[in-house]
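I have placed the structure first, in the form of structure tokens, so that the comments after it can refer back to it.
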Amino acid sequence: MRIGIVAPSTPILPDDAEAVRALASLGYPGVELIFDPQCFAMHGHFAGEDGHRFAALVEMANRPDIDALWFARGGYGACRIAEEAVAAMADVARAKAFLGYSDQGNLLAALYRDGFDHVAHGPMVADIRREGGEAAVTRALDWLVARDPAACEPGLEHGARHAAFNLMTLSMLLGTPLEPDLAGHVLLIEEVSEYLYAFDRALFHVTSYLAPRGLAGLRLGRVSDIPENDRPFGLDAEEIAQGWCSRTGIPWLGRADIGHDAANKVVPFGLHRAG
């Protein structure tokens, strides 16, 4: 099996790639990781200019010798190329799995919108830098290579449709050409490094927008590294989520084991079949 790795947003370091290659060689010696050189490019904030990132992503997706695409890192930048990149992907790309989270939610959304069947929110290459990052990378490989159900978020319900996003990423892409149809889905969200008032504001938008479209329920992952405001907000993240679910009529379905951390579990988009 060959897994292609691209960076549609921000770059990784060569040391990241080497650490992940070494780990993969132990657990999956038959798997080859193909890092596009674009992963290490730098153009201001981005892993290369828009055109460079677009070309690397489309070329890797359309290569017949690549079995899956693994996104290297989040940050910001995927929304600038996602719509055109997915439109440029050939039929061969539809058989591949795509894995990432954070800013790569823009691409996951666009892929899922266009009927790609193997799209999942889960760990990326850059997670190797985190404390416990080896476990995150191993979990990603377990899903990419073997679709191991143990890599998946344990609360996924058999027979239900799911999708997972970073909240701010989702809030920004709703109403744009990247927006997928989430009617009938259980939505899992997580957040990092946002004030609670910003978390509240984004949930106002997301729940107000998706409730009339038939969202089946909402689950809250971890909300971490919350900055300290000049005054307490007065509600914690779970209370905020429950409140907006109540106000908009979306079923509150509890907590989820996803987040911007090494414990982030995989959430395949679409219909879940246990086992």
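The values are calculated or read from the model by the stated rules, or taken from the named source; none is laboratory data. Note that this is a predicted model, so its numbers are computed, not measured. Surface areas here come from the heavy atoms of the whole protein model, side chains and all, with no ligands, DNA or RNA. Shrake-Rupley method; radii C 1.70, N 1.55, O 1.52, S 1.80 Å.
Here are a few things to note about the model shown:
- The base-10 log of I(q)/I(0) for the stretch 9-83, evaluated at q = 0.17 Å⁻¹, reads -0.68 [Debye formula, identical scatterers on Cα atoms, solvent excluded].
- Per residue, the convex hull spanned by the Cα atoms of the stretch 211-254 measures out at 85 cubic angstrom.
- When Glu59, Glu239 are compared by accessible surface with a 1.4 Å probe, the order from highest to lowest is Glu59, Glu239.
- Highest mobility in the GNM of the chain, judged by mean-square fluctuation with C-alpha springs under 10 Å and restricted to Thr138, Thr176, Thr207, is found for Thr176.
- Considering only Ala78, Ala146, Ala237, the mean-square fluctuation computed in a Gaussian network model of the chain, springs between alpha carbons under 10 angstrom, is largest for Ala146.
- CD proxy at 222 nm, helix term only [per DSSP H run n ≥ 4: -39500 (n - 2.57); per residue of the chain; nearest 500]: -10000 deg cm²/dmol
- Across the stretch 187-227, Cα-Cα pairs farther apart than 15 Å form 43% of the total.
- The Rg/Rh ratio for the chain, using Cα coordinates for both the radius of gyration and the Kirkwood hydrodynamic radius, is 0.95.
- Under the Debye formula (equal points on every Cα, no solvent term), log10 I(q)/I(0) of the stretch 10-52 at q = 0.15, 0.25 Å⁻¹: -0.43, -0.82
- Distribution of pairwise C-alpha distances over the stretch 110-165, 10 Å bins, in %: 21, 48, 28, 4
- The stretch 160-272 - Rg (one decimal) and Dmax (whole number), Cα, Å: 13.3, 43
- Rolling a 1.4 Å probe over the protein chains gives Met42 an accessible area of about 140 Å².
- Gaussian network model of the chain, springs between alpha carbon atoms under 10 Å - residue of Phe165, Phe98, Phe116 with greatest fluctuation: Phe116
- Cα gyration tensor category, rounded, prolate or oblate, for the stretch 133-173 with a/c compared to 1.5: oblate
- The calculated P(r) of the stretch 75-212, using every Cα pair and 5 Å bins from 0, goes 2, 9, 18, 22, 22, 16, 9, 2, 0 in percent.
- Per-residue extension of 0.36 nm, minus the Cα-Cα distance of Arg129 and Arg2, leaves a gain of 43.4 nm for this segment.
- Centroid-to-centroid, using Cα positions, the stretch 141-158 and the stretch 30-74 are 24 Å apart.
- Per residue, the chain exposes an accessible area of 41 Å² to a 1.4 Å probe, with every protein chain left in place.
- Solvent exposure, largest accessible area first (probe 1.4 Å, DNA, RNA and ligands not counted), of Arg113, Arg201: Arg201, Arg113
- Here the stretch 228-275 is treated as a Stokes sphere of Kirkwood radius computed over C-alpha pairs; at 37 °C and 0.692 mPa s its diffusion coefficient rounds to 238 µm²/s.
- Taking all pairs of distinct alpha-carbon atoms in the stretch 2-151, Kirkwood radius in angstrom: 14.9
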